Amino acid sequence: MHELLPGFEPSENDLIERALAMPLETKIKKAIAMLQCYEEGALKLSPDGYYLAFSGGKDSCVIKQLAIESGVKFKAWYNLTTIDPPELVRFIKQHHADVAWNRPKMPMLARLVERTSGPPSRLFRWCCEEYKEHGGDGLVKVIGVRIVESARRRRLWREVKQHSSGRGCFVAPIVYWTDTDVWAFIRGRNLPYCGLYDEGFKRLGCIGCPMAGKAGQDREFTRWPKYEAMWKRAVLRFYDRWHGIPNRKGEPRYFEDFGSAQGLWDWWRSGKANEGEADCIYEEMMMNV
């Protein structure tokens, strides 16, 4: 194009905006065609075909339905974190009994006590790596990521991304869908969805995730107070476990600055643990970017 119309080649941002503005029916057809196109590659890596990452949220419901409508072979997997909303777990069991479960060896909050890194924060979300992002390594993995969710996702994600290991890849069939598209698809097909959305929840991730922000944490802990007590108990136990033990360089660990286990908890609950760009840095580790 640039040889015929110098200076008029659309920018990447222009192309993204055009993709976002496409009619929903066009997006559906493109998503189905994409899944059908990459199925052969998925089958070469696994007899089950695609590894479909299913969280139980609205986006997961959409990609699973698209996979069904496309006629491709796939197996859906749910990663249990052990601090998932109980309503979400019940929804999956009731409406998606065909989804397989990855169950962790240890509850997340017990693992928190063992790790020297402490409770998760924006800069080190070890919980995503260990509890949410595993599974499907070396396979063609269908995910429900969308670029409208954050600036980082807009920068990092496209319809297909190779895994950083060089084996397998990610296929994101709804990467250019808007929230309006997602809900129109769900309602147009009368798909069941978790009732927490009707209560005003925008995300259905781990209860107490610091990336929900202070207001999000407050709302979640008000809704599920037992989980706040579980988090606090884990953070206090972590401090008591590692207090006074220097790091590999022989230096005091970061949490010593808070003076006490309660001081560490107060800092983590203040919202300061997630200050900065709110997204999962682990994504950058998993892709060639």
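Here are a few things to note about the model shown:
- Rounded FRET efficiency, nearest 0.05, which uses the C-beta distance separating VAL148 from ALA215 and R0 of 22 Å: 0.60
- Structure note, pairs LYS75/LYS232; LYS132/LYS226; LYS132/LYS202; LYS27/LYS161: Cα-Cα distances above 26 angstrom occur for LYS75/LYS232.
- Considering only GLY56, GLY200, GLY168, the mean-square fluctuation computed in a Gaussian network model of the chain, springs between alpha carbons under 10 angstrom, is largest for GLY200.
- The charge dipole of the range 210-274, taken about the Cα centre with unit charges on the Cβ atoms of Lys, Arg (+1) and Asp, Glu (-1), comes to about 220 debye, rounded to the nearest 20.
- Between ARG223 and CYS37, full extension at 0.36 nm per residue minus the direct alpha carbon distance yields a gain of 62.6 nm.
- Two-site label geometry, LYS249 and LYS30: point separation in nm, points 7 Å out along Cα→Cβ: 4.7 nm
- For the chain, the longest principal axis of the alpha carbon atoms and the long axis of helix 12-21 meet at an angle near 80°.
- Nearest-0.05 FRET efficiency for ARG233 and ALA97, computed from C-beta distance (R0 30 Å): 0.35
- For the chain: relative contact order, % (alpha-carbon pairs under 8 angstrom, 6 or more apart): 21 percent
- A helix-only calculation puts the chain at -12500 deg cm²/dmol for mean residue ellipticity at 222 nm, using -39500 (n - 2.57) for each DSSP H run of at least four residues, averaged over all residues.
- Ranking TYR38, ILE186, LEU88 by how far each Cα lies toward the positive end of the dipole of the chain (charges on Cβ) leaves LEU88 at the top.
- Within straight-line cross-link reach of LYS105, aspartates and glutamates at Cα separation under 17 Å, skipping those fewer than 8 residues along the same chain: ASP84, GLU114, GLU129, GLU130, GLU133
- Using alpha-carbon coordinates, inclination of helix 213-223 to the longest axis of the chain, degrees: 80 degrees
- Fewest-first ranking of PHE238, PHE124, using other Cβ atoms within 10 Å as the exposure measure: PHE124, PHE238
- In terms of other Cβ atoms within 10 Å, ILE63, ILE143, ILE92 run from fewest to most in the order ILE92, ILE143, ILE63.
- Near GLY195, once Lys and Arg are set to +1 and Asp and Glu to -1 for all other residues with Cβ below 15 Å from its Cβ, the sum equals +3.
- Build a GNM of the chain with springs between Cα atoms under 10 Å apart, and of ARG103, ARG248, ARG237 the one that fluctuates most is ARG248.
- Average Cα contact separation per residue, the range 210-274, under 8 Å, 6 or more apart, as relative contact order %: 43 percent
- Each of LYS105, LYS64, LYS29 has some number of other Cβ atoms within 10 Å of its Cβ, and from fewest to most they run LYS105, LYS29, LYS64.
- DSSP bridge pairs, the chain: antiparallel proportion in percent, nearest 5: 25 percent
A short reminder: the numbers here are calculations on the coordinates, not readings from a lab. Since we're looking at a predicted model, the values are computed, not measured. With ideal geometry, Cβ positions are generated from the backbone for all residues, glycine too; neighbour counts draw on all protein chains shown.
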